Amino acid sequence: MATRLAGGQSLLDRLPGREALLEQDVRFRPRWWTARVPASGWLDELPEDPDGREYRRISRGGVLAAADGSDDWEAWALLAAGVWSAGDRALVASRGARALGGTDPSALLSRLRLAAKHLGTGRGAVDAYRAMLRGGSANVKHLGPTLATTFLYVADFGARGTVRGGDALILDRFVVRALNDLHGWSVPEDGPWTADLYARWLDVAAEQAWLAAIELGRTVRGDEVQHAYFEHGKSLT
């Protein structure tokens with residue numbers, strides 16, 4: 001186990017705290033999703049972006065609230081995860097919408113439920129991610145690792161509670177870039193990212209959250225660390 005916080009004070013400065021984390025939001029255009037994804041009309045009801053131009057905003061807390069345990073919540077959670085993951089990047093949204101709209105809704109729901117069943121049990125997040133990879137029992141065509149891990153993050157958060165959060169975390173190219181920089185890894189930023197790599201990332205995040213908690217004298221959530229690594233990775237561009 002490491003005894004030194006990777007990134008030092010720079011990482012600590014990027015930890016937003018629970019309330020600020022949940023208030024983070026992104027802007028997007030609902031029509032990028034509603035044209036392809038069934039039952040996505042609720043996106044038009046989200047708050048308007050001050051910039052207008054058909055943009056709406058969704059907060060991290062709003063995304064996590066999609067995993068509310070209601071009927072077919074898994075499909076809602078995947079859509080919210082897709083919107084959060086893509087933000088205002090139209091091309092990324094188009095790819096996400098293709099994954100959500102390109103699979104029979106009942107088959108999609110079945111696979112998402114299969115993945116979610118792994119969560120909350122031992123190394124369930126890793127097993128769930130493995131099942132969602134190509135060739136896995138819960139694989140969804142065109143669903144890349146970033147959107148898959150974002151769905152798992154949302155689903156696990158709903159299963160484990162709003163205060164502590166879950167164990168599953170988002171893995172994207174900026175996090176990979178930060179891992180390469182802070183830990184001397186040599187992982188391709190464009191993938192593929194294996195289940196073993198995902199397990200290593202979750203271990204690092206848990207370790208860094210523990211070290212940061214000692215430094216700050218408060219509980220530090222794994223998704224705070226994920227946000228800090230994301231921001232560090234973006235700063236390297």
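Just so it is clear, none of the values below were taken in a lab; they were calculated from the coordinates. Keep in mind that this is a model prediction, so the values were computed, not measured. Heads up, the Cβs are rebuilt from the backbone with ideal geometry, glycines too, and the neighbour counts pull from every protein chain shown.
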Measuring from the longest principal axis of the C-alpha atoms of the chain, the long axis of helix 105-117 (C-alpha) lies at a number of degrees, nearest 10, equal to 20 degrees
Under 5 Å between amide H atoms, partner at least 5 residues away or on a different chain: which partners does Ile58 have, H built in plane at 1.01 Å?
Val26
Using only the alpha-carbon atoms, how far is helix 145-160 inclined from the longest principal axis of the chain? Give it as 0 to 90 degrees, nearest 10.
80 degrees
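Hey, with R₀ at 30 Å, roughly what FRET efficiency would Ser70 and Glu207 work out to, going by the Cβ-Cβ distance, to 0.05? Intermediate values should be presented prior to the final figure.
Numbers: r = 35 Å, r/R0 = 1.16.
In this case the efficiency is close to 0.30.
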Which whole-number percentage describes the relative contact order of the chain, with Cα contacts under 8 Å and a sequence gap of 6 or more?
21 percent
Size of the dipole of segment 8-235 about the Cα centre, Lys and Arg at +1 and Asp and Glu at -1 on the beta carbon, nothing else charged, in debye to 20?
560 debye
Within segment 39-60, list the residues whose amide N lies under 14 Å from a label point set 7 Å along Cα→Cβ of Leu109.
39-40
Treating the beta-carbon of each Lys and Arg as +1 and of each Asp and Glu as -1, no other charges, what is the dipole magnitude of segment 7-112 about its Cα centre, to the nearest 20 debye?
500 debye
By how many degrees, 0 to 90 and rounded to 10, does the Cα axis of helix 173-183 deviate from the longest principal axis of the chain?
10 degrees
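Find, among the trypsin sites (Lys or Arg not before Pro) in segment 28-127, those assigned to loop by DSSP (not H, G, I, E, B) with at most 12 other beta-carbon atoms within 10 angstrom. Provide the component values of the computation, followed by the final result.
Details: sites: Arg31, Arg36, Arg53, Arg56, Arg57, Arg60, Arg89, Arg95, Arg98, Arg111, Arg113, Lys117, Arg123; in loops: Arg36, Arg53, Arg89, Arg123.
Loop-located and lightly packed - Arg53.
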Listed residues Tyr129, Leu15, Ala66: farthest to the positive end of the dipole of the chain (Cβ charges):
Tyr129
